[in-house]
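The values are calculated or read from the model by the stated rules, or taken from the named source; none is laboratory data. It should be emphasised that the depicted structure is a prediction, and the values quoted were computed from it without experimental measurement. Here Cβ is always computed from backbone atoms with ideal geometry, including for glycine, and neighbour counts include all displayed protein chains.
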Amino acid sequence: MRALVTGSAGHLGEGLMRALPGEGWECVGVDVLASPYTSVVGSIADRDVARRCVEGVDAILHAATLHKPHVGSHGRQEFVDVNVTGTLHLLEAAVEADVASFVFTSTTSTFGRALVPAEGEPAAWITEDVVPVPRNIYGATKVAAEDLCELVHRDHGLPVVVLRTSRFFPEGDDRDDVRAAYDDANLKVNELLYRRVDLQDVVDAHRLALDRAAAIGFGRYIVSATTPFTRDDLADLRRDAPAVVERRVPGAGDRYAALGWRMLPSIERVYANDRARAELRWTPRYDFAHALDRVAAGEDFRSPLARAVGAKGYHAETTGVYTTRA
């Protein structure tokens, strides 16, 4: 079986290129940047490049994108060219080539303004049924690309699975005040409670999406670490998150104290991955409890794959915390 991986020089693309051959896949990687995992250097915004890459493949894992960190460095038209037009090129080429399955990497950023409840309201419980309200051109173009995926499925029967992934990048937070307030590992482990996922779990979700695409037909799924919270916790999470964490993960407070860490005082939304676990048969492993155990034992909480891929950066020149690729 042969798979095309777009964005093969990026975090997820490299992760897929490393992992899929062990599952019996022959992989072709395409990216605008050369890398050890890039077979074709070119842009999917170029229709000819997209068609050439799709020839002879059985499946497409479309991870290439302009990201949120590019909002300040790239124009809106560039986002449309890559995130929307590039996706359309691949979808049309997939139909022409009779590709068996198409997995589109989207983002929880599509939810945008729906992620932040009004002052005094409980935290938001985010499922696939929440209607996106894009906050910026990144979210708007990812929503548009998702809709194209659904349209092509309905018109041509192409099996498509959309995975809305939460944070899995290893770079520091892009907010100066947050980076100053929390140790990086402390913040990332905090985020595993509600808005982060390990790269290995993301790769596993993509592999399972390939397997399940034909049976599903079309589906959208949130891919985030399994939260220990329930809907019953939402009001308390907004008022006193540390108390809720201690209730759901007994002893977490003592472990944090021993590490000199701090829990977030308030959590405003929680991503629920129930549908992905049920319909993709996905079993994420790197959750908050796992991370806390590893850190308490003096170990790295990230998966071996996440450590191997490492940080990439997003710009050719230093731009805040999102710097050049090493």
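List of remarks:
- Under the condition of being touching a strand residue (DSSP E or B) at 6+ places or on another chain (Cβ under 7 Å) and among the hydroxyl-bearing types (Ser, Thr, Tyr), the residues counted in the range 206-255 number 3.
- The residue list Val160, Val203 contains one member that is of a type in the set (Val, Ile, Thr), touching a helix residue (DSSP H, G or I) at 6+ places or on another chain (Cβ under 9 Å) and closer than 24 Å to Gly310 by Cα, which is Val203.
To keep it simple, each residue is scored yes or no on (1) in contact (Cβ under 8 Å) with a residue 24 or more places away in the chain; (2) part of a helix (DSSP H, G or I); (3) within 27 Å of Arg262 (Cα to Cα).
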| position | (1), (2), (3) |
| --- | --- |
| Asp177 | no, yes, yes |
| Val189 | yes, yes, yes |
| Tyr194 | yes, no, yes |
| Arg207 | yes, yes, no |
| Thr227 | yes, no, yes |
| Asp232 | no, yes, yes |
| Arg238 | yes, yes, yes |
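- Of all the residues in the range 2-23, those that are surrounded by fewer than 18 Cβ atoms within 10 Å (Cβ to Cβ) and at pLDDT 95 or above number 4.
This table checks each residue for (1) touching a residue at least 60 places away in the same chain (Cβ under 8 Å); (2) part of a loop (DSSP other than H, G, I, E, B).
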{"residue": "Ala276", "(1), (2)": "yes, no"}
{"residue": "Pro284", "(1), (2)": "yes, yes"}
{"residue": "Ala289", "(1), (2)": "yes, no"}
{"residue": "Asp300", "(1), (2)": "no, yes"}
{"residue": "Ala311", "(1), (2)": "yes, yes"}
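- Subset of the range 54-83 (residues that are in a helix (DSSP H, G or I) and crowded, with 19+ Cβ neighbours inside 10 Å): Val54, Lys68, Pro69, His70, Phe79, Val82, Asn83
- Test: residue in the range 146-162 that is within 21 Å of Gln77 (Cα to Cα), more than 17 Å from the chain's Cα centre (by Cα) and without any contact (Cβ under 8 Å) to a residue 40 or more places away in the chain: yes
- Qualifying position, being assigned to a helix (DSSP H, G or I) and closer than 23 Å to Glu146 by Cα, among Arg18, Arg51: Arg51
- Enumeration of residues in the range 254-274 that are closer than 23 Å to Thr110 by Cα and assigned to a helix (DSSP H, G or I): Asp274
- The set of residues in the range 133-168 being assigned to a loop (DSSP other than H, G, I, E, B) and surrounded by fewer than 21 Cβ atoms within 10 Å (Cβ to Cβ) consists of Pro134, Arg135, Asn136, Gly157.
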